[in-house]
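Here is the structure we will look at, set down as C-alpha cells.
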Amino acid sequence: MATGEGSARRARLAEIFRFALVGGVNTGTFFGCYLLLHPWMPYFAAYSLAFLLSMIGSFFLNTYFTYRTRPTWKKFALFPLTNVTNYLVQSVGLYALVTWAGMDERIAPLVAAVVAIPFTYLISQRILVPRKPKDGPDGPEGPGPENGMDERQPSRLA
C-alpha cells in the first residue's frame, strides 16, 4: 500500500471515529434536553424540542468537528435527511430483526441502530462535504487550499 493510501485510510478512520463520537454526544444531548424539558411540558413536546435542539447541535458538530467543513444554509436545510435516513433504516431493520429473524424486541432496536450508522454516515458526508470536480478550472483536483478555496476548512455559517 502506498503512503498516500495509508494516510487516506487513517484520515477516513479518524473521520468515522469523530462521527461516532458526535453521535454519542448527540444522543446524550438529546436525552439531557428531554429530561430537562419534560417537567415543564408534555412528554411529546419535550421529545420534539429535544430532538430539534440535538439535531441542530449535531449539524454544527458534524460540520466543524467530524468533516471539518463550512456550514451553509443549504447544508443546514438538507441535514434533516440524515435523521430521516436513520429513522427509516432503523425502522426497517427493527421490523426485519423482530419479524423475520425472531430477535428479542428489547435487543433489536440496538442492533438496528448499529446497522443504521454506516447509512447515516454516508448520507451526512454526502450532504456536508461537497465533492470536488474531477477536472476543474484549477487543474485535475479543482480549487485547493493553496488558493484559499478548500471547502474542508471551518468557517462561519455562510
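The values are calculated or read from the model by the stated rules, or taken from the named source; none is laboratory data. Owing to the predicted nature of the structure, the values given are computational and were not obtained by experimental measurement. Cβ: placed from backbone, ideal geometry, glycine included. Neighbour counts: every protein chain shown. Ligands, DNA and RNA are stripped out before the accessible areas are found, and what is left, the full protein with its side chains, is counted by its heavy atoms. Shrake-Rupley method; radii C 1.70, N 1.55, O 1.52, S 1.80 Å.
Looking only at region 68-76, decide whether some residue is open to solvent by 80 Å² or more (accessible area, probe 1.4 Å), among the aromatic types (Phe, Trp, Tyr) and out of contact with any strand residue (DSSP E or B) (no Cβ under 8 Å at 6 or more places or on another chain). Checking region 68-76: at least one residue is open to solvent by 80 Å² or more (accessible area, probe 1.4 Å), among the aromatic types (Phe, Trp, Tyr) and out of contact with any strand residue (DSSP E or B) (no Cβ under 8 Å at 6 or more places or on another chain). Suppose we filter region 71-87 for residues that are polar (S, T, N, Q) and more than 12 Å from Ser58 (Cα to Cα); how many remain? Total satisfying the criteria: 3.
Conditions tested, residue by residue: (1) closer than 19 Å to Pro130 by Cα; (2) among the small types (Gly, Ala, Ser).
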residue	(1), (2)
Ile16	yes, no
Gly24	no, yes
Leu49	no, no
Thr69	yes, no
Thr82	yes, no
Val98	no, no
Asp104	no, no
Ala113	no, yes
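How many of the residues making up region 121-148 are modelled with pLDDT of 55 or more, over 18 Å from Tyr64 (Cβ atoms) and among the polar types (S, T, N, Q)? Going through region 121-148 one residue at a time, the tally reaches 0. Any residue at all in region 11-21 that's basic (Lys, Arg) and loosely packed, with under 12 Cβ neighbours inside 10 Å? Yes, region 11-21 contains a residue that is basic (Lys, Arg) and loosely packed, with under 12 Cβ neighbours inside 10 Å.
Please verify whether region 42-60 includes one or more residues that are out of contact with any Asp or Glu (no Cβ under 7 Å at 6 or more places or on another chain), free of Cβ contacts under 8 Å to residues at least 24 places away in the same chain, over 15 Å from Thr29 (Cβ atoms) and of a type in the set (Ser, Thr, Tyr). Yes; the residues of region 42-60 include at least one that is out of contact with any Asp or Glu (no Cβ under 7 Å at 6 or more places or on another chain), free of Cβ contacts under 8 Å to residues at least 24 places away in the same chain, over 15 Å from Thr29 (Cβ atoms) and of a type in the set (Ser, Thr, Tyr).
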